[in-house]
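Here, each number is a calculation from the coordinates, and none is a lab measurement. Predicted, not measured: the structure shown is a model, and the values here were computed from it. Note that each Cβ is placed from the backbone with ideal geometry, even for glycine, and that neighbours are counted across all protein chains shown.
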Amino acid sequence: KQEVTQIPAALSVPEGENLVLNCSFTDSAIYNLQWFRQDPGKGLTSLLLIQSSQREQTSGRLNASLDKSSGRSTLYIAASQPGDSATYLCAVWWLALTFGSGTRLQVQP
Amino acid sequence: GAGVSQTPSNKVTEKGKYVELRCDPISGHTALYWYRQSLGQGPEFLIYFQGTGAADDSGLPNDRFFAVRPEGSVSTLKIQRTERGDSAVYLCASSLDTEAFFGQGTRLTVV
């Protein structure tokens, strides 16, 4: 059974800091990995999709890496802003999308 | 439409009642997924459709839960004899390949 773990569960940082969110998964036979953002009471917004053959993807201030053999991914957020405050979810495509529990990020102005 | 649409956005029902939740996927997306999310948790897989057929329904918690997608587009998640423990946000997603796009969810509250 695929299990996805995200660390830390919650994170509070001052505005402007660079930060790293971690995701690990137990079965490396994945098709790809997707990072999502979820605002309170809202649905999921796709941030980055990394194919299993790729090592990283970048979008603006976001950079996601994937090390499939070790079962790890990181989401790097540069120069954090209060508007980045949300829950960040990591999900791996295995049989279907399997999610971690998320990291709740609070960026203090 | 441009995105995945779910209706209703909120549903309050009494324990024991029957409810239907609707998902309208992105046009042309052949795969459709239902997830359930409890407070503070990540979404939990329920069922996956490829076209009209349920390719994987292993996540449905019990036989009170059922989903259909009769024409390969709109899907309905049906819950019979609702229980308070069914209260959650029900999310629908669609995809063409392996990038999923989610709707805003239906918040179900069973009182």
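General observations
- Within segment B:20-33, the set of residues being part of a strand (DSSP E or B) and more than 10 Å from chain A (Cβ to nearest Cβ) comprises B:Glu20, B:Leu21, B:Arg22, B:Cys23, B:Asp24, B:Leu32.
Each row is one residue, and each column tells you yes or no for (1) in contact (Cβ under 8 Å) with a residue 40 or more places away in the chain; (2) crowded, with 17+ Cβ neighbours inside 10 Å; (3) away from chain B (no Cβ under 14 Å).
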| residue | (1), (2), (3) |
| --- | --- |
| A:Thr45 | no, no, no |
| A:Ile50 | no, yes, no |
| A:Arg55 | no, no, yes |
| A:Asp67 | no, no, yes |
| A:Gly71 | yes, yes, yes |
| A:Asp84 | no, yes, yes |
| A:Leu89 | yes, yes, no |
| A:Leu97 | yes, yes, no |
| A:Gly100 | yes, yes, no |
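- Members of segment B:75-105 found to be more than 10 Å from chain A (Cβ to nearest Cβ), of a type in the set (Val, Ile, Thr) and surrounded by 15 or more Cβ atoms within 10 Å (Cβ to Cβ), listed by number: B:Ile79, B:Thr82
- Residues that are at negative phi, touching a residue at least 40 places away in the same chain (Cβ under 8 Å) and either surrounded by 18 or more Cβ atoms within 10 Å (Cβ to Cβ) or assigned to a loop (DSSP other than H, G, I, E, B) (or both) occur at least once in segment B:56-73.
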